[in-house]
Amino acid sequence: MKGDIGQKLSARVANHVVHCPFESLPRATVLAAKRAILDGVGVMFAASGVSEDIVPFVELARSVGGAPQATIIGFKERVSAPMAALANGAMAHALDFEDAFDPAPCHPNASLLPALLSLAESRSPISGREFIVAVATGCDLVCRLALSLRQPLESGGWYPPPILGAFGATAAVSRALRLNPAQITDAFSLLLCQNTCPGEIKHSPETVIRAIREAFPAQAALLSSLLAERGVRGFAHPLEGQSGFFALYASGRYEPSDITEGLGERFWIEHLSFKKWPCCRGTHAYIEAAQTLRQVHGFAAADIAELRIFGGALQRMLCEPEAQKRRPQTIIDAKFSLPFTLAVALSDEEVTLDSFTPERLAETLLLSIAAKTCFEFRQEISQPAAGEICITLNDGRVLRQRILHALGDPTRPLNDAALHAKFLNCTAHAALPLNRHDAEALADRILNLEREPDVGALLS
């Protein structure tokens, strides 16, 4: 199956990362990269002011300090680039509001952007054109690795998104550092020595690691690339080797052609989903279904007698164990709970950054709705952006709604105006909020990033 392609996979990927020119990027790829950057930066700003879970990471970055190389987003402090990557990485997924790749569920830019932004500030000048290429190639690699798997990482007890995302982050940073192909292979090797995330992240109801998980791959990607730049030699085959990534994490079961076919010609970054709602992508079809039924039929949350949730394996993970999902103990677990997010969608006018707070975890109305939910497995609902609900009202009416592709899917994308409004709302929620004028100016510069001579100056 693998043949010669598999034996040379690491080298081929490294050569692509080095030699992909900005001029070769399709126009749609450039636009998609700028949208991803705008969205990711905005989400980190919001997390700085909304998420309590990121506080220890910000405090640690401040206390360790170091040379003032890069900004802790949403704050004024500048710290060493690795500590900025750690703090900003914690922010990137803390709200579960960043972009997603639905075909092989992952968050390709959640560790990439914090790592790359920290480098851009510390190694000026990195032009906007180079930054866009780094984002496009790194994001694309994450998606290709995810699609190539023939054995799910979960079967080995791993949690895929940060593990896969770290490789894209390393590719992006290595590209911006202008490493050669051998050095990029070294960087992947050094990453492999650090890159892990256990599936236990899903099963312990009191942990918040699921929120701040991207802190670790963001910092690891930056450190790996910087060490490779300084001459630390790695392995010849970190991806395809006999004890390399695929052997360790997927028992060697992968399809290399999914990584190499169309490499440099087609970029998966064009197929990302951008989120309207700040919670797990797997909840979005259900939020939309609930809002549609409310709008059409005009019932109140108190009118609900029973709420049935239909879904596949991914949706089951968002509903079980039943007791934990009906009464989540942390905000991040609430965002990974279909009973709770549906309760929010059925009681609030809109699901927003203000919908998930510590106080709401104990709100009587939300808990009463969540207690009325039950999950029913449906094999045909296999995609993370699909879902179906059935609501029985106290007056006997039975209302049913299925969503095949939730809003934000590439077939139903958030338009530029919606993405721009999301950015303004996010920056207004920062620890140090941006005023409207400054937020508009920053958005404009990001959306015209190819004109920027020095991306590091954007945050500095």
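Miscellaneous remarks
- In segment 168-262, counting only helices (runs of 4 or more DSSP H) that sit wholly within it, the ones holding 2 or more residues that are more than 21 Å from ALA85 (Cα to Cα) span 181-192, 245-250, 257-260.
- Any chance PRO26 is modelled with pLDDT under 95 and more than 21 Å from ARG436 (Cα to Cα): no
- Number of the condition not met by LEU414 [criteria: (1) in a loop (DSSP other than H, G, I, E, B); (2) surrounded by fewer than 18 Cβ atoms within 10 Å (Cβ to Cβ); (3) touching a residue at least 24 places away in the same chain (Cβ under 8 Å)]: (2)
- The one condition in (1) under 23 Å from SER337 (Cα atoms); (2) without any contact (Cβ under 8 Å) to a residue 60 or more places away in the chain; (3) surrounded by 24 or more Cβ atoms within 10 Å (Cβ to Cβ) that CYS197 fails to fulfil: (3)
- Considering the conditions (1) over 14 Å from PRO105 (Cβ atoms); (2) surrounded by 17 or more Cβ atoms within 10 Å (Cβ to Cβ), HIS297 is excluded by exactly one of them, (2).
- Elements of type helices (runs of 4 or more DSSP H) contained in segment 34-147, each with 3 or more residues being on the phi > 0 side of the Ramachandran plot: none
- Test: residue in segment 201-208 that is at pLDDT below 95 and either within 21 Å of SER118 (Cα to Cα) or of a type in the set (Asp, Glu) (or both): yes
- Boolean, ARG266 is outside any helix (DSSP H, G or I), touching an Asp or Glu at 6+ places or on another chain (Cβ under 7 Å) and surrounded by fewer than 19 Cβ atoms within 10 Å (Cβ to Cβ): no
- Note on segment 369-385: residues that are assigned to a loop (DSSP other than H, G, I, E, B), closer than 14 Å to GLY282 by Cβ and either in contact with a helix residue (DSSP H, G or I) (Cβ under 7 Å, 6 or more places away or on another chain) or modelled with pLDDT of 95 or more (or both) total 3.
Results for (1) touching a strand residue (DSSP E or B) at 6+ places or on another chain (Cβ under 7 Å); (2) over 27 Å from PRO198 (Cα atoms); (3) not assigned by TED's automatic domain parsing to the domain that holds THR196, shown as yes or no for each residue.
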site	(1), (2), (3)
GLU255	no, no, no
LEU263	no, yes, no
PHE267	no, yes, no
ALA289	yes, yes, yes
ARG294	no, yes, yes
GLN315	yes, no, yes
GLN329	no, no, yes
ALA334	no, no, yes
VAL344	no, yes, yes
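- Count of segment 15-69 residues, restricted to those that are touching a Phe, Trp or Tyr at 6+ places or on another chain (Cβ under 9 Å), in contact (Cβ under 8 Å) with a residue 40 or more places away in the chain and among the β-branched types (Val, Ile, Thr), is 6.
- Scanning segment 212-246 for residues being of a type in the set (Lys, Arg) and surrounded by fewer than 22 Cβ atoms within 10 Å (Cβ to Cβ) gives a total of 2.
- Answer residue from segment 290-315, given it is outside any helix (DSSP H, G or I) and free of Cβ contacts under 8 Å to residues at least 40 places away in the same chain and is farthest from ALA211 (Cα to Cα) among those: GLY298
- If you go through segment 316-361 and pick out every residue that is small (Gly, Ala, Ser), in a loop (DSSP other than H, G, I, E, B) and within 21 Å of LYS202 (Cβ to Cβ), you end up with 1.
- All of GLU306, GLU288, GLU320 fail the test of being surrounded by fewer than 16 Cβ atoms within 10 Å (Cβ to Cβ) and under 24 Å from LEU95 (Cβ atoms), apart from GLU320.
- From the list ALA110, ALA187, ALA134, the lone residue that is within 13 Å of the chain's Cα centre (by Cα), small (Gly, Ala, Ser), buried (at least 24 other Cβ atoms within 10 Å of the Cβ) and at pLDDT 95 or above is ALA110.
The values are calculated or read from the model by the stated rules, or taken from the named source; none is laboratory data. Fair warning: this is a prediction, and the values are worked out from it, not measured in the lab. Please note: Cβ atoms are built from the backbone with ideal geometry, for glycine as well, and neighbour counts cover all protein chains shown.
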